[in-house]
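Asks: The following block contains the structure, expressed as structure tokens.
The values are calculated or read from the model by the stated rules, or taken from the named source; none is laboratory data. It should be emphasised that the depicted structure is a prediction, and the values quoted were computed from it without experimental measurement. Cβ: placed from backbone, ideal geometry, glycine included. Neighbour counts: every protein chain shown.
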Amino acid sequence: MKLREFGFDQWFESHATELGLAECAFARISTVDRGSYRILIGTSEVSADLAGKLAFQIESSVDLPCVGDWVTASCHNNDTAAIIHKVLPRKTFLRRKKPGEKVDHQMIAANIDTAFIVQSCHFDFNLSRLERYLTIAADGHVEPVVILTKTDLITQDELRQQLEAINTVTRGEVIALSNITGCGFDEVQETLSSGKTYCLLGSSGVGKTTLVNRLAGQEAFATRTVSNTGEGTHTTTRRQLIVLANGAMLIDTPGMRELGVVGASDGLNVEFKQLVELSAQCRFANCSHEHEPGCAVRAAIKKGELPEERYSNYVKLKKESEFYEMSYLEKRKKDKAFGKFIKSVKKQMKG
Ligand SMILES: Nc1nc2c(ncn2[C@@H]2O[C@H](COP(=O)(O)OP(=O)(O)O)[C@@H](O)[C@H]2O)c(=O)[nH]1
Ligand SMILES: [Mg+2]
Ligand SMILES: [Zn+2]
């Protein structure tokens, strides 16, 4: 395997050297399926396990390898299986809040060049959810491309309105696509380049896997027939990276119901740049944009320069992101304190 062709560029090379790993064999995680891994190494794809030492060092699920990660690995059993030794630093990432009560990050994928944020124009269309995905991408330094699918199910007029709405929340590329008529498919294909990695994100049933199969030119993954609500039921259960004939790499993901953000202030600042700039013009530095005089944000809303919904979604995401970050940091602090306590007890027992 020529590492460069799989995205192992100067950035990874210099990080590996810094970590004293320059002489190691590198591999890329291609599949994560409930704790079992497959990696691309040499010229093959093999199943892999974590080295005991690595498993022991893992403190949080974020430290575990995820799809797209570069790792150091060694093969055994005539190169039919491998051991993963170390996870290299991530150049870019996609993560969300772990679903459920626990406040922690959950990795979706690593070392992604472009996120295809897929939304269906039919049942799924939702601007504030789109803003969430855009924030997640921006936070991990991933370029977003919005793909609006199932355009065969609406009129040209409706499509125009939806595209206009999407363009109010993103300055990135937007592609309208029908997997049925093939309209827009060439545009998606043109965005793909060799050696780059693309990750599809979006609710279940919007047509991600159908698109991946079409791009792969074969049934690489299973899709399920449409249910009577018009949406598919979800069948993709794992995150898997495939290499297309043109050298581009694609990662399909299962649909995500919860899309919480934790400590995503970088992403919010990029995605809501207009709001950040406006806030800087408010009379008071700590303006809450509610009733203070000289508030540039409220003035912009009044003038129609800033949609009210965009502002309220920003406030919501920011509050959520900060609240979760606080609980996350507190938890880490407690974990650390507990770790120290255990260490001191052990020391006392020894002494
Ligand atoms: N009408 C229409 N149906 C589509 C389109 N793309 C996918 N579908 C159907 O939607 C269902 C869900 O597709 P799937 O690719 O499994 O969605 P995923 O959950 O996002 O991977 C399947 O029945 C597809 O045939 C499209 O562009 N138009
Ligand atoms: Mg799918
Ligand atoms: Zn203000």
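Asks: Restricting attention to the stretch 86-106, report how many residues are part of a loop (DSSP other than H, G, I, E, B), among the charged types (D, E, K, R) and over 14 Å from the mean Cα position of the chain (by Cα).
Replies: Of the residues in that region, 3 qualify.
Asks: Which ones in the stretch 239-280 are away from ligand 2 (no atom under 16 Å from the Cβ) and of a type in the set (S, T, Y)?
Replies: S265, S279
Asks: Restricting to the stretch 156-201, name every residue that is farther than 29 Å from Q274 by Cα and in a helix (DSSP H, G or I).
Replies: Selection gives Q156, F185, D186, Q189, E190.
Asks: Restricting attention to the stretch 47-63, does a residue exist that is within 20 Å of D104 (Cα to Cα) and surrounded by 22 or more Cβ atoms within 10 Å (Cβ to Cβ)?
Replies: no
Asks: Sticking with this one: Quick one: which residue in A109, A138, A115, A82 is in the same structural domain as D63 (by TED's automatic domain parsing) and not in a loop (DSSP other than H, G, I, E, B)?
Replies: Among A109, A138, A115, A82, only A82 is in the same structural domain as D63 (by TED's automatic domain parsing) and not in a loop (DSSP other than H, G, I, E, B).
Asks: Got a sec? Which of L201, L177 is under 19 Å from the mean Cα position of the chain (by Cα) and either surrounded by fewer than 20 Cβ atoms within 10 Å (Cβ to Cβ) or within 16 Å of ligand 2 (Cβ to nearest atom) (or both)? Reasoning before the result, please.
Replies: Working: L177 fails: under 19 Å from the mean Cα position of the chain (by Cα).
None of the others qualify; the one that does is L201.
Asks: Pairs please, first residue from the stretch 192-212 and at pLDDT 95 or above, second anywhere and of a type in the set (D, E, K, R) and assigned to a loop (DSSP other than H, G, I, E, B), Cβ atoms under 7 Å, 6+ apart in sequence or on different chains.
Replies: Every condition considered, the pairs that remain are K196/D113; T197/D113; Y198/D113.
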